[in-house]
Amino acid sequence: MKTNSSHLVRAFFAGIALLGLIGCSSRPNVFTESLDERLRRLNEERTRLETTTNPVARTRIQIRISDLLISFVGDAVDLGDVELIDERVREYTETIVDARDTMVNSGRNAVNDASGYRELEIALRQHIRQVGDIGAQLNFERRQVLDQLIIQISDIREEMLDMLFPEQDAI
């Protein structure tokens, strides 16, 4: 009897831990939120960014902003508004470049303290998939701006990976 109850207690705590990990492990799926909610969150994040000086905290805010901006790229594609697509891509690009610059200029060692670097790399990996999915809705000619964006995202992601996992010189 004691064995069964200890298994139940372990299973209960394992379930609680799993729920905690699920709740904390990922950013919200902005594609399921209303436009008004995303715009409200974008304003909140931009306001928060203005007062944040810690490089890791700034990068995390910039990641949340870039998540929202990717969803706005999708909205512009759905509307078929080429100028709006270009504007949203420009805003997104500025945000991820700023996030990259924040971490690179922070003086932090990515190998010894991966916070910020790791989160940015993970977000960029997700963004590559999302931009690819969004671009699949466009014809070849209109998709070129998103294909270029994927190249830019991939370059920054590769830079983060190189910083996180530098090659060891052969001895």
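Nothing in this text is a laboratory measurement; each read-out follows from the coordinates by a stated rule. What you are looking at is a predicted structure, and each value in this text was computed from that prediction instead of being measured. We place every Cβ from the backbone using ideal geometry, glycine too, and count neighbours over all the protein chains shown.
Results, tabulated for the structure shown:
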item	result
Cα convex hull volume per residue for segment 45-171 (Å³)	100
Cut-off 15 Å, label 7 Å out along Cα→Cβ of Gln148, residues of segment 85-108 by amide N	85-94
Nearest-0.05 FRET efficiency for Asp98 and Glu33, computed from C-beta distance (R0 25 Å)	0.60
